[in-house]
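Input: a single structure, listed below in structure tokens.
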Amino acid sequence: MYKHLFVPVDGSELSHRAMDGSIELAQQLGAKITGFVVEPDLPLTAATSRTDSLMHRLKENEDKNEAHATALLGQFASRAQAAGVEFVAHHVTAYVVDQAIMDEADKSGCDMIVMVTHGRSALGEFVFGSHTKKIIANSKLPVLVLH
């Protein structure tokens with residue numbers, strides 16, 4: 001049925017639940033996992049009048065994002081390997097997180113997206129948004145939501 005799970009994680013406590021839940025599901029299905037991290041791009045307002053300062057900030061942001069994604073996906077890979085689940089890691093930097101998740105899931109040839117939700121109230125969603133709701137509404141793939 002489902003043979004390739006796409007699992008976006010961000011390093012929060014909830015993303016560790018996504019790791020464990022997706023690994024358990026992959027074991028049951030005989031599926032592999034693509035672990036994915038979307039790192040935030042610097043907002044355009046970060047630009048300054050000095051090009052060298054902007055270039056320095058962009059490089060710092062890139063280095064920080066690379067280190068975070070590598071460490072997080074390394075943890076995920078270790079957990080998957082310990083459970084005997086095939087694992088592929090991928091990360092990107094993007095402005096629009098939900099679109100990046102859907103695009104990469106499609107490019108990776110995955111057949112299901114597995115995500116966690118914070119379960120925020122209506123006010124919390126208004127303030128912080130909900131990537132999960134946007135992906136459920138717009139994804140061509142089935143989405144399994146863990147809470």
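Things worth noting here:
- Once the stretch 64-84 is narrowed to residues that are out of contact with any strand residue (DSSP E or B) (no Cβ under 7 Å at 6 or more places or on another chain) and of a type in the set (A, V, I, L, M, F, W, C), the residue that is surrounded by the fewest Cβ atoms within 10 Å (Cβ to Cβ) is A82.
- Residues in the stretch 45-55 include none that are within 22 Å of K140 (Cβ to Cβ) and in a helix (DSSP H, G or I).
- Residues (under 14 Å from A83 (Cβ atoms) and not β-branched (V, I, T)) located in the stretch 2-15: L5
- Screening V97 on (1) aliphatic (A, V, I, L, M); (2) within 15 Å of P8 (Cβ to Cβ); (3) at pLDDT 95 or above; (4) touching a helix residue (DSSP H, G or I) at 6+ places or on another chain (Cβ under 7 Å) shows it passes everything except condition (3).
- Pairing each residue of the stretch 129-147 that is farther than 14 Å from D103 by Cα and modelled with pLDDT under 90 with any residue that is assigned to a helix (DSSP H, G or I) and among the acidic types (D, E), provided the two are 6+ apart or on different chains, yields C-beta distances under 8 Å for K133/E125.
- First in the stretch 108-126 and polar (S, T, N, Q), second anywhere and at pLDDT 50 or above and part of a helix (DSSP H, G or I), Cβ under 6 Å, 6 or more apart: T117/T132
- Residue, nearest to D103 (Cα to Cα), within the stretch 1-30, restricted to residues that are loosely packed, with under 13 Cβ neighbours inside 10 Å and over 15 Å from the mean Cα position of the chain (by Cα): M1
The values are calculated or read from the model by the stated rules, or taken from the named source; none is laboratory data. Treat the numbers as computed from the prediction; the structure is a model and nothing was measured. Backbone-built Cβ (ideal geometry, glycine too); neighbour counts: all protein chains shown.
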